[in-house]
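> Sending over a structure as structure tokens; questions will come in a sec.
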Amino acid sequence: VNGKIQIPVVVNVLYRTSAENISLAQIQSQIDVLNKDFNAQNSDYNTANNPYSSVRANVGISFVLDAVYRKSTTKTSWGTNDACKKTASGGMAPTSPTTKLNLWVATIGGGILGYAQFPGGSSSTDGVVIDSKYFGTTGTATYPFNLGRTATHEIGHWMNLRHIWGDATCGNDLVSDTPSHNAPNYGVPAVGHRSTCSGTPLEMYMNYMDYTDDRGMYMFSNGQKSRMLAIFAAGGARNSFAQ
Ligand code: ARG
Ligand code: ZN
Ligand code: CA
């Protein structure tokens with residue numbers, strides 16, 4: 001390991017319509033968002049009235065577009081059962097999944113924006129699936145999920161982050177500098193919004209691991225950064241990505 005973590009990204013595009021066969025510009029716009037969001041370079045990083053500015057993190061992980069593969073299909077939606085990752089079900093197998101982050105861009109259906117595999121799973125299904133309408137910032141990217149934050153959120157899961165509300169009422173996300181939340185937040189919550197969990201903390205609804213609209217999320221915390229970096233350290237489940 002020589003310090004900086006740089007992740008090669010393989011993008012697998014599955015398309016039936018020409019709109020689903022998103023442009024290289026749309027793909028590159030997503031890579032650009034990831035490089036901003038994971039390096040404290042996003043334009044909303046310094047949003048005023050952020051009660052959590054003291055724990056916001058420059059994660060310091062960068063992403064490089066490595067390859068784009070495209071496949072035409074007759075399927076109208078792929079669901080969340082990993083069919084898109086398997087040639088036997090008409091999908092595309094990942095390329096070098098122990099050293100490259102594979103993204104699948106396809107219509108998922110059911111109102112799902114994206115889904116991720118946590119560290120420690122099978123390499124044959126490792127990576128992140130994102131609906132083409134919520135990928136990048138141009139082309140078919142659709143408001144209010146048109147700022148590329150679905151990939152930021154899902155790659156957070158891929159790097160071992162839980163949802164900020166711990167997937168339970170006042171649940172635990174295993175990160176100590178994020179407050180307890182009652183439940184996911186949607187839209188863009190009002191400044192000063194508090195949880196009714198123990199201590200009634202201000203909620204960190206501007207965190208990428210909440211469920212707000214893309215324009216409402218703009219930070220990871222230092223505790224989340226530590227949890228992500230641990231996965232790439234010696235003995236970590238994604239150490240094969242560290243060069
Ligand atoms: N619902 C999805 C998930 O939990 C993604 C949520 C992404 N949110 C966003 N504003 N883009 O995996
Ligand atoms: Zn999630
Ligand atoms: Ca926490």
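We did not get these values from a lab; they are worked out from the coordinates using the rules stated. Fair warning: this is a prediction, and the values are worked out from it, not measured in the lab. All Cβ positions, even for glycine, are placed from backbone atoms using ideal geometry, and neighbour counts span all protein chains on display.
> Using only Cα atoms, locate the centre of segment 106-176 and the centre of segment 181-201, then give the distance between them in Å, rounded to an integer.
Taking the Cα centre of segment 181-201 as reference, the centre of segment 106-176 is 21 Å away.
> Relative contact order, percent, of the chain when contacts are C-alpha pairs under 8 Å separated by at least 6 residues?
21 percent
> Give me the extension gain from A93 to N81: residue separation times 0.36 nm, minus the current Cα-Cα distance, reported in nm with one decimal.
Gain on extension, A93 to N81, equals 2.9 nm.
> Taking 8 Å as the Cα distance limit and 6 or more residues as the minimum spacing, I'd like the relative contact order of segment 1-133 as a percentage.
Relative contact order, segment 1-133: 32 percent.
> Further, regarding this structure: Starting from the amide H of F135, placed 1.01 Å from N in the peptide plane, find each other amide H under 5 Å away whose residue is 5 or more places distant or on another chain.
Answer set, sorted by chain and number: T142.
> So for the pair R70, H193, with labels modelled 7 Å out along Cα→Cβ, what separation do we get in nm?
Each label point lies 7 Å from its Cα, and together they span 3.8 nm.
> For the residues S77, S43, what sequence is obtained by ranking on other C-beta atoms within 10 Å, fewest first?
The most exposed by this proxy come first: S43, S77.
> I need to check one value: relative contact order of segment 81-182, counting alpha carbon pairs closer than 8 Å and at least 6 residues apart, in percent.
Details: 163 pairs, mean separation 18.9, N = 102.
Reported relative contact order: 19 percent.
> Can I ask one more? Just to check, using Stokes-Einstein with a Kirkwood Rh over alpha carbon pairs, what's the diffusion coefficient of segment 28-170 at 25 °C and 0.890 mPa s in µm²/s?
Taking Rh from Cα pairs, D becomes 151 µm²/s.
> Calculate the FRET efficiency for T17 and S53 from the Cβ-Cβ distance with a Förster distance of 35 Å, rounded to the nearest 0.05.
0.25
> Going by the alpha-carbon gyration tensor, a ≥ b ≥ c the square roots of its eigenvalues, is segment 129-243 rounded (a/c under 1.5) or, if a/c is not under 1.5, prolate (a/b greater than b/c) versus oblate?
It is oblate, given that a/c is not under 1.5 and a/b is not larger than b/c.
> Going down the table (K4/K100; K36/K86; K36/K85; K4/K133; K100/K133), which pairs top 25 Å between alpha carbons?
Correct reply: K36/K86; K36/K85; K4/K133.
> Enumerate cysteines in the chain without a disulfide-compatible partner, where compatibility requires another Cys Cβ under 4.7 angstrom.
C84
> Now for a different question. Rounded to the nearest 500, what is the chain's calculated 222 nm mean residue ellipticity when only DSSP H runs of at least 4 contribute -39500 (n - 2.57) each, over all residues?
-4500 deg cm²/dmol
> Oh, and also: Given a cut-off of 33 Å, what percent of all Cα-Cα pairs of the chain lie beyond it?
The proportion of pairs with Cα distances above 33 Å equals 15 percent.
> If Lys and Arg each add +1 and Asp and Glu each add -1, what is the summed charge of the other residues whose beta carbon sits under 12 Å from the beta carbon of V59? Write out the running numbers ahead of the final one.
Details: positive: K4, K36, R56, K225, R227; negative: D37.
Taking every Cβ under 12 Å from that of V59, the sum is +4.
> Going highest first, how would you order 62-75, 225-238, 159-172 by mean Cβ packing within 10 Å?
Numbers: 62-75: 14.9, 225-238: 16.9, 159-172: 19.2.
Highest-to-lowest ranking by the protection proxy: 159-172, 225-238, 62-75.
> Once fully extended, how much extra length lies between N46 and D32, figured as 0.36 nm per residue of separation less the alpha-carbon to alpha-carbon distance?
Computed gain between N46 and D32 is 3.2 nm.
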